[in-house]
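The values are calculated or read from the model by the stated rules, or taken from the named source; none is laboratory data. Predicted model only: the values in this text are computed from it and were never measured. As a convention, Cβ positions derive from the backbone with ideal geometry for all residues, glycine included, and neighbour counts pool all protein chains shown. Ligands, DNA and RNA are excluded from the accessible area calculation, which covers all protein heavy atoms including side chains. Shrake-Rupley method; radii C 1.70, N 1.55, O 1.52, S 1.80 Å.
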Amino acid sequence: MTEYHAQNKAKLISETRRRFEAEYVTDKPDKYDPRDVERLQQDDNWVESYLVWRHNIVDETLKMLDESFQWRKEMCVNDLTESSIPRWLLEIGGIYLHGYDKEGNKLFWIRVKYHVKDHKTMLDKKKLIAFWLERYAKRENGKPVTVMFDLSETGINSIDMDFVRFIINCFKVYYPKYLSKMVIFDMPWIMNAAFKIVKSWLGPEAVSLLKFTSKSDIQDYVSVEYLPPHMGGTDPFKYSYPPLVDDDFQTPLCENGPIASEDEASSKEDLESDGKETLETVSNEEQTTLLKKINLTEHTSKAEENEKVDSKMKAFKKPLSVFKGPLLHISPAEELYFGSTESGEKKTLIVLTNVTKNIVAFKVRTTAPEKYRVKPSNSSCDPGASVDIVVSPHGGLTVSAQDRFLIMAAEMEQSSGTGPAELTQFWKEVPRNKVMEHRLRCHIVESSKPTTLTLKDGALAMSDKTSEDLYLQFANSRRESDFSTP
């Protein structure tokens with residue numbers, strides 16, 4: 001069934017590309033930005049987003065592509081930059097990206113009180129919306145946003161239905177599949193009639209995405225940590241410009257070593273974890289020697305134990321995914337899987353593989369730096385080599401689907417050193433356009449998860465485990481999941 005679905009999807013994508021080229025592009029090649037036409041031929045996810053929004057009806061999808069591509073050229077979307085937007089509009093802070101909802105979707109804030117209806121500035125405001133959405137789409141490639149329409153302190157002069165309709169069209173036509181929901185906060189009664197019109201614009205299928213809220217129930221959708229005080233939240237964020245408000249990523253709590261203030265139990269856990277990480281880097285020759293030390297009796301005992309581990313792990317097994325970037329291959333591709341508190345499986349693994357001929361520097365940042373230890377979080381990877389990064393919650397703090405991790409990577413000159421001082425200087429000097437970025441979401445699994453992405457605390461915490469035991473268990477887990485370099 002899955003294979004049939006994949007084949008049918010591929011067939012629809014191919015048909016859409018072929019017909020769009022033949023029926024729309026050939027006769028009027030100047031109608032669209034050639035970069036969009038080229039991307040349509042190369043990006044399956046982009047084609048699929050239009051197909052899904054039009055219920056896989058190719059005729060309807062083609063009409064939608066035509067309208068969307070014309071708009072993209074008219075608005076010069078591919079060329080929109082920070083300098084394209086008037087500075088005063090960026091300074092106001094009426095439109096920006098910040099924080100996440102409870103489902104882990106990025107929040108797209110529209111502070112309506114800062115908007116004054118003015119036809120002279122309408123085009124610039126539309127460009128600002130397009131700028132943020134395009135910036136987000138290029139980074140997240142299909143992950144939806146939650147629009148936060150903050151109507152608190154809104155007066156009659158701020159009501160601009162043309163602007164609202166433009167925003168809705170962005171998600172209906174120009175950025176299909178990017179809308180998770182539209183949270184309307186503190187709507188004045190005088191706008192009831194206006195939002196009846198908005199519902200008609202959205203259409204019956206999308207009306208369910210409108211969520212009308214007040215201070216008493218907005219936490220159903222967004223937790224207090226990402227809500228401003230006037231919504232009953234605790235988010236200390238204050239909008240300011242410059243610089244441009246970006247992705248909220250910060251350096252994690254733990255860089256490349258243990259934290260001095262940790263208690264004895266946590267320190268022991270660190271040492272055991274470090275021991276396991278060391279085992280991974282042991283050469284093949286040392287591994288062979290290590291295995292020869294185990295006598296037949298021990299081997300039988302361990303085999304029985306591993307069978308038990310295997311039977312438990314098989315229930316958790318899930319297909320692996322790999323993001324294949326120009327500098328690094330990153331596994332998992334999109335989500336870090338953490339076990340629940342009850343399962344005790346807290347640690348998770350990120351595997352980086354250098355696919356270049358040069359040393360690649362990397363660093364890891366997160367939206368919740370106080371929550372996580374990341375080891376190593378700032379290091380380098382030799383050509384063709386792989387590095388395992390262990391991520392674990394800190395001090396009993398809870399993993400949230402709202403949390404994000406950012407992997408940054410850049411090639412280094414062969415003569416460059418890779419010590420802490422050299423890496424610090426390197427990141428200060430490297431041009432931003434030379435930096436590869438990839439984002440990972442967090443996912444909490446109650447009963448099943450990919451075993452390859454999670455280290456088991458239980459196995460590490462057993463005091464009678466020897467290095468040989470740990471190696472066998474680790475090797476068995478690797479063999480079971482076939483965590484191979486792509």
Exercise. Given the peptides 431-437, 382-388, arrange them by the average over their residues of other C-beta atoms within 10 Å, most packed first.
Key: 382-388, 431-437
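For the pairs Lys347/Lys375; Lys102/Lys346; Lys126/Lys172; Lys63/Lys102, flag any whose C-alpha to C-alpha distance is greater than 23 Å.
Result: Lys63/Lys102 exceed 23 Å.
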Quiz item: Ignoring any ligand, DNA or RNA, what whole percent of the accessible area of region 117-206 comes from carbon and sulfur when the probe is 1.4 angstrom?
Solution: 52 percent
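Stretched out fully, how many nm does the piece from Val430 to Glu334 gain, at 0.36 nm a residue minus the Cα gap?
Result for the pair: 32.0 nm of gain on full extension.
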Practice problem: Could you tell me the distance between the Cα centroids of region 375-450 and region 84-159, to the nearest Å? | Solution: 30 Å
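Residue separation times 0.36 nm, minus the C-alpha to C-alpha distance between Asp235 and His55: what's the value?
60.9 nm
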Quiz item: How would Glu370, Glu74, Glu48 rank on accessible area, largest to smallest, probe 1.4 Å?
Solution: Glu74, Glu370, Glu48
Quiz item: Quick one: which of 211-221, 405-415 comes out on top by average Cβ neighbours within 10 Å, and what's the full order, highest first?
Solution: 405-415, 211-221
